[in-house]
Structures are given as C-alpha cells and as structure tokens.
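Participant: Quick one: the structure is below, and I'll ask about it shortly.
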Amino acid sequence: MSWIRIWVHIVFSTKNRIPFLNTRSIRFKVFRHIRENAKEKGIWLDCVNGHQDHAHCLVSLGRTQNISKVAQLIKGESSHWINKTQLIKIPFGWQDDFWAVSVSESHLQRVRNYIHNQEEHHRKKDFTEEIEKFMKKYGWTLIKGDAEE
C-alpha cells in the first residue's frame, strides 16, 4: 500500500480578476460546491475560501494525482456549475493560470487560518498586493503578458 502526504496551497483568480464572487452568499455557494465536487472526484480538499476575485484551496494530493489535474478539475467543474445554475448573471470563468506551493505539516494550521480568514485579510490588502507578497516570498517573477491572459 502506498502512503502519500503532499500538501499543496493552490490559488486561482477569476477571469481578468472580475469580482464575480462579490457577495458572501455567492462565495458560500461556490466554495460549498467546490468542496462537494472535490469529494466526489476523490480530491482531499482540506479547506477552500477566497474573496471577490480569487480562491484558495489546501489540498492533499493522492498517489495518482498531480497539481495541474486537481486544479483543472476544481476550476473547470465549478465554472461549468456556476454558469449552468446561473448563480452569476454574466458568463463566469476562472483565469487559466494558478499558483501552487507545497506546505509542510508544521505549517498546515497557519495556512488553514490564512485561508479561513480571507475576508478579514482582504480588508487590509487587495489581491494584487497578495500576489506581490506571494511572488516575493517564493521568488516568482511575472512574465510580461501573463496577467492579461
């Protein structure tokens, strides 16, 4: 039997960072659906939350899963569901890209707290500032044109 424990913090934004998720009610429904769908797809989603224009997921990868496929399943199905149910009155989409970093067992609770407290966090810092913080922390550079795609 294989034993795998790889934690990943995945962040993705709405298409063109449009604040589609602009009410608590919409966010609650979307994130509840993401949790339910993840369970159906065999994705161990520890927590999910976000704000008006993005989502954070803390995922433990299974032995046959990879980050790209998990992100695709979460984003693609939730986008389809949002449009099918007309939860949002205009066509919804997630940005094609995403950010993902590994999380050590010793930092899980800190990451959970960060994800659960998105509303409070974004009273002080918008998503652009959050991206800049992630980029600096992890040594990422933005390739010109990526933000607009």
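Participant: With the requirement that a residue be among the charged types (D, E, K, R), under 21 Å from A71 (Cβ atoms) and either in contact with a Cys (Cβ under 7 Å, 6 or more places away or on another chain) or free of Cβ contacts under 8 Å to residues at least 60 places away in the same chain (or both), what does the stretch 83-102 give you?
Facilitator: K84, D96 - these are the residues of the stretch 83-102 that are among the charged types (D, E, K, R), under 21 Å from A71 (Cβ atoms) and either in contact with a Cys (Cβ under 7 Å, 6 or more places away or on another chain) or free of Cβ contacts under 8 Å to residues at least 60 places away in the same chain (or both).
Participant: If you don't mind, there's one more thing I want to ask. Taking the condition of being among the basic types (K, R) and not in a loop (DSSP other than H, G, I, E, B), how many residues in the stretch 1-18 meet it?
Facilitator: The qualifying residues number 2.
Participant: Right, next: For the stretch 1-21, enumerate the residues that are surrounded by 14 or more Cβ atoms within 10 Å (Cβ to Cβ) and either polar (S, T, N, Q) or free of Cβ contacts under 8 Å to residues at least 24 places away in the same chain (or both).
Facilitator: Answer for the stretch 1-21, where residues must be surrounded by 14 or more Cβ atoms within 10 Å (Cβ to Cβ) and either polar (S, T, N, Q) or free of Cβ contacts under 8 Å to residues at least 24 places away in the same chain (or both): S13, T14.
Participant: Give me the pairs, please: first residue somewhere in the stretch 103-129 and within 12 Å of L58 (Cα to Cα), second residue anywhere and assigned to a helix (DSSP H, G or I), beta-carbon distance under 8 Å, and either six or more positions apart or on two chains.
Facilitator: What qualifies is V103/V111; Y114/H121.
Participant: Looking only at the stretch 19-48, which residues are over 15 Å from K75 (Cβ atoms) and not in a helix (DSSP H, G or I)?
Facilitator: Within the stretch 19-48, P19, N22, T23, G42, W44, D46, C47 qualify.
Participant: Is the stretch 51-60 home to any residue that is over 30 Å from I90 (Cβ atoms) and not small (G, A, S)?
Facilitator: No; the residues of the stretch 51-60 include none that is over 30 Å from I90 (Cβ atoms) and not small (G, A, S).
A short reminder: the numbers here are calculations on the coordinates, not readings from a lab. Everything numeric here is computed off the predicted structure, so don't read it as measured data. Using ideal geometry, Cβ is built from the backbone for each residue, glycine included, and neighbour counts are taken over all protein chains shown.
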